[in-house]
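Bear in mind that the values in this text are calculations on the coordinates, not laboratory data. Because the structure is predicted, anything quoted here is derived from the model rather than measured. With ideal geometry, Cβ positions are generated from the backbone for all residues, glycine too; neighbour counts draw on all protein chains shown.
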Amino acid sequence: MDHLIHTRKTGTAAEFATKLGMARSTFFEYMDYMRNELNIVILYDRSAKTYYYGDKGLYDSLKQWIA
């Protein structure tokens, strides 16, 4: 998931869920968790049809939980 977001090769929500081998609803549950519980900024570029990190990547965002 992180690699696809980082490299901006996710596709739409349905395509991303398929790439991850999960249902679209499960995909949105993961996205909600990452955004709301882990405070990771994940945005969607409609013209490129991909998700991307807004400011920091996954590992930079998780440093606060590891320390």
Among 50, 12, 26, the residue with the largest mean-square fluctuation in a Gaussian network model of the chain built from Cα contacts under 10 Å is 26
Taking K and R as +1 and D and E as -1, what net charge do the other residues with C-beta under 11 Å from the C-beta of residue 49 add up to?
+1
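Take a quick pass over the chain and tell me how many lysine pairs come in under 22 angstrom between Cα atoms, counting only ones 8 or more apart or on separate chains. Intermediate results must be reported in sequence, preceding the final value.
On the way: 9/19; 9/49; 9/56; 19/49.
Taking the Cα cut-off of 22 Å, the pair count is 4.
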Rounded to the nearest 500, the 222 nm mean residue ellipticity computed for the chain from DSSP H runs (n ≥ 4, each -39500 (n - 2.57)) alone is -12000 deg cm²/dmol
Please turn the phi angles of the range 19-27 into ³J(HN,Hα) values with the Karplus equation 6.51 cos²θ - 1.76 cosθ + 1.60 (θ = phi - 60°), one per residue in order, whole Hz, x for glycine and proline.
4, 8, x, 9, 5, 4, 5, 5, 4
Candidates 29, 15, 37, ranked by Gaussian network fluctuation over the chain, Cα under 10 Å, top entry
37
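Tell me the net charge near residue 31. Cut-off is 13 Å between Cβ atoms, residue 31 excluded, with +1 for each Lys or Arg and -1 for each Asp or Glu.
Working: positive: 24, 35; negative: 2, 29, 32, 37.
Counting the neighbours of residue 31, the net charge comes to -2.
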